[in-house]
2 protein chains.
Amino acid sequence: MKHGLPTPIELPLGFTFAAGAAGIKASGRPDVALAEASPGTTAAAVFTQNRVVAAPVTVGREFLARTRGRVRAVLVNSGNANCATGPAGISVCRRLCSELARRLNIQTEEVFPSSTGIIGVPLPARMLVENLPGLVAARAHTATAVARFAQAIMTTDTVPKLASRSFPSRAGRVNLLGIAKGSGMIHPQLGTMLVFLFSDLAATPLELRALLGGVLDETFHSISVDGDTSTNDTVLLLASGRSGASLDHRGVQKRFREALVDVCRSLSEQIVGDGEGIQHRVYLRIEQARNRQEALETAQAIARSLLVKTAWAGADPNWGRILSAIGIAKPPIDGGRVDILIGNQLVCRHGACHRFDTAKAHAEMSKPSYEISVRLRRGRARVVFLTTDLSTEYVRLNAQYST
Amino acid sequence: MKHGLPTPIELPLGFTFAAGAAGIKASGRPDVALAEASPGTTAAAVFTQNRVVAAPVTVGREFLARTRGRVRAVLVNSGNANCATGPAGISVCRRLCSELARRLNIQTEEVFPSSTGIIGVPLPARMLVENLPGLVAARAHTATAVARFAQAIMTTDTVPKLASRSFPSRAGRVNLLGIAKGSGMIHPQLGTMLVFLFSDLAATPLELRALLGGVLDETFHSISVDGDTSTNDTVLLLASGRSGASLDHRGVQKRFREALVDVCRSLSEQIVGDGEGIQHRVYLRIEQARNRQEALETAQAIARSLLVKTAWAGADPNWGRILSAIGIAKPPIDGGRVDILIGNQLVCRHGACHRFDTAKAHAEMSKPSYEISVRLRRGRARVVFLTTDLSTEYVRLNAQYST
């Protein structure tokens, strides 16, 4: 395809995109990206739960509060997280927003800043400022520009991550485009998760916040690679209103929500799937939990266990490690009632060994992607949680970083 | 040395030791160990906090409660954890205790059972029962017998782990001997931590419990290799009373506590130090915490982070990962006030980059053992927490296990 994307994308009305190479990445690869939004664009964002946050998270949160959810531009750099950079890091971030605002003739607070890369190194502001004119000049409402944006926000990602959906409505076609970065097993700190969702729906910031909050649990909160939460993680949803369709219109709310879940789920899977260190994607189905929270916490405890993840790397049906991980999970689960299945084969029943075909289980676990189900026998809630094995390659790559 | 121990040991009065090979380990190596204690021996035990517990933990806890802290024999097998084995596992455990009790002419409840090895495989009781006569016949109050006991409880340990101390008192010399197993980075589930502490002090079970509880925090609770808590972890302290010295005697309480800390700390370090997968032992000093709990939770959060541990494997002074791990720790620490030192070099001040000599930091982190200090600026509490890097060898070994 001409724009270099693996699949055609739905381009939402009201946005232009651009990217450039400011020289932050020593490789000379693109490291700065811009999205401009038309007047009246509304926004909602969700940030990292890490208490140590990068300067752009502090500034972005403040700007969104000041404008009450209005955004006219998104400015992203990769290669440097602008985190643990003290008051100077905040100043640099503000200055970049202000320089861009001047060139776009908008308010400084209408720029949403984002950074990803190494922590604790001052952000070279000058390089970025000098790159702004070229960036502004390059803006385009094209798939090629979108592809460049997706490329420029990558750090250790090996492929750009995009997903889009559209659906008809009485007022006009509604488009949703998601662009993400985050590379599972490789340098997950550099691999901060950034997600930008562009739509031409008409919605208030409050409506967007409700929509976004409603889909996070079953998408980005249901994936885990290494259990770490970055200092820069951000999910931003923008709505230009240019489709003419609003949530009051018949069917739009439901269909937009579906599109949002689809796009976010696709981006989640792309993030988990990226990275040389991954051999297996594991869908953890936690069933018969008392409530969703309990199911999620159980999944997270399993996905955090080094012993479980290394067993997966060896396609080893050592379910005792899963049971043991459940035993130290937060919910007070009785291990003696737990069933565990590898694929569709029962391997542990009521917390005890159940005769099973180990060769078959090993074969199942040798697939690039498979399911492990855990029944807690406590209620009716369930989640499907996507995680990965832990390979020697992960350790090798993360041990090599920075020195 | 004749008994094969690296250092001379202090042999407490009132105990005999023996070991044998029952054939649970396919290698034919020793896999069953016995310690007999003289009449009147008191005991206190601390068990794993994992809710999924092995049969011997359930049975041992029940027996200790029934005898109100009296133990006449300790029976340990390695190679099979007797965990996730259902009601049958409990029966097998009871039967072994009863068979041994009959041969030693003691009560079944006076036998303290312990197992370590693979989870979810039925314990071959017959093999063990058939081995009991030989085991009972071999009992001896010698350093050689102690060395055999220490060997027989090993699983993936590469070296036996022993430490002992003694001190004079008016009533007579008091001896304390500790034998442990647990092998840090290799198969840490097989590597369940078992610690048996034999002393000839005279003390009530209540006094022993207070003594043991008082030293765990600064010893076994201050080490972490992979953040997992096994289903079989046990620390048992026995007191035969044969030295004639009791805690009422002048200086005995203080000196016994010191001896207990020394022995437990030495065993902790031996556990963390064992394992092919370890390249670095890291002493995490958490300082200026509000209280001990906060310091410990901060240390645990750092020691749990895969990103931190892999950076250590590469001797990479990437302190941003430590700061980020602190940001998701349980205590509500303000990352903006945190200082971090590698060795004696300040690398992060008030949560921001501080100019430092990276070559020097890298050299420090290349040592087999070094310190990282974190100042929280919240109070005066501190802990020293011992942990390790995460190497590709760890992953390789744990991925290979069982298949």
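All of the numbers you see were taken from the coordinates with simple rules; none came from a lab. Being a predicted model, the structure only gives us computed values, none of them experimental. Every residue, glycine as well, gets a Cβ built from its backbone with ideal geometry; the counts of neighbours run over all protein chains shown.
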Report task. Taking the Cβ of A:A202 as the centre, find all other residues whose Cβ is under 11 Å away and add up their charges (Lys, Arg: +1; Asp, Glu: -1). Result -> -2
Report summary line: Karplus ³J(HN,Hα) for region A:25-31 (6.51 cos²θ - 1.76 cosθ + 1.60, θ = phi - 60°; Hz, whole; x = Gly/Pro) runs 6, 4, 5, x, 6, x, 9
Report task. Identify the residue of chain A whose Cβ lies closest to the rotation axis that maps chain A onto chain B, and give that distance in whole Å. Result -> A:T392, 2
**Report entry** Teacher prompt: B:A26 distances to equivalent labels in other copies, 7 Å Cα→Cβ, nm
**Finding:** 4.7
Requested in this report: For A:A137, place a label point 7 Å out from Cα along the Cα→Cβ vector, do the same in each other copy, and report the separations in nm, one decimal, smallest first.
Outcome: 9.6
Query raised in the report: Per residue of the protein assembly as shown, what 222 nm ellipticity follows from adding -39500 (n - 2.57) for every DSSP H run with n ≥ 4, rounded to the nearest 500?
Result: -10500 deg cm²/dmol
Query raised in the report: Given H placed 1.01 Å from N in the peptide plane, which residues other than close sequence neighbours of B:V32 have an amide H under 5 Å from its amide H?
Result: B:G20, B:A22, B:S78
Requested in this report: Give me the net charge of A:S114's neighbourhood, meaning all other residues with Cβ under 12 Å from the Cβ of A:S114; Lys, Arg count +1, Asp, Glu -1.
Outcome: +1
Query raised in the report: What dipole magnitude, in Debye to the nearest 20, does region B:56-181 give about its Cα centre under +1 on Lys/Arg Cβ and -1 on Asp/Glu Cβ?
Result: 460 debye
Report summary line: Sorting A:V121, A:A203, A:A140 by the position of each Cα along the dipole of chain A (Lys, Arg +1; Asp, Glu -1; all at Cβ), the one nearest the positive end of that ordering is A:A203
Requested in this report: Taking the Cα centre of the protein assembly as shown as origin, work out the dipole magnitude from +1 charges on Lys and Arg Cβ and -1 charges on Asp and Glu Cβ, in debye rounded to 20.
Outcome: 1200 debye
Query raised in the report: Rounded, prolate or oblate: which fits region B:281-400, taking a ≥ b ≥ c as square roots of the Cα gyration tensor eigenvalues, rounded meaning a/c under 1.5, else prolate when a/b beats b/c?
Result: oblate
Query - Kirkwood hydrodynamic radius of chain A, Cα pairs, Å - result: 22.0 Å
Requested in this report: Tell me which residues come under 5 Å, amide H to amide H, from A:Q288 once H is placed; ignore anything under 5 positions away on its chain.
Outcome: A:L376, A:A381
Query raised in the report: Out of the DSSP beta bridges found with both residues in the protein assembly as shown, what percent are antiparallel (nearest 5)?
Result: 70 percent
Requested in this report: Apply 1/(1 + (r/R0)^6) to the Cβ-Cβ distance of A:A210 and A:S27, taking R0 = 41 Å, and write down the FRET efficiency to the nearest 0.05.
Outcome: 0.50
Query raised in the report: How many Lys pairs in chain A lie less than 20 angstrom apart by Cα atoms, where the lysines are 8 or more positions apart or on different chains?
Result: 7
Requested in this report: Count the net charge of all other residues whose Cβ sits under 12 Å from the Cβ of A:Q345, scoring Lys and Arg as +1 and Asp and Glu as -1.
Outcome: -1
Query - Segments B:288-297, B:349-358, B:107-116 sorted - mean Cβ within 10 Å per residue, highest first - result: B:107-116, B:288-297, B:349-358
**Report entry** From phi via Karplus (6.51, -1.76, 1.60), per-residue ³J(HN,Hα) for region A:167-176 in Hz, x at Gly/Pro
**Finding:** 8, x, 9, 4, 7, x, 5, 9, 10, 9
Query raised in the report: How far apart are the B:R377 label points across copies, placing each 7 Å from Cα toward Cβ, in nm, shortest first?
Result: 5.3
Requested in this report: Let me know the charge dipole size of region A:106-170 about its Cα centre in debye, to the nearest 20, where only the beta-carbon of Lys, Arg (+1) and Asp, Glu (-1) is charged.
Outcome: 320 debye
Report summary line: Relative contact order of chain B (C-alpha contacts under 8 Å, at least 6 apart) in percent is 17 percent
**Report entry** B:Y283 paired with A:E371, simple spin-label distance in nm, labels 7 Å along Cα-to-beta-carbon
**Finding:** 5.2 nm
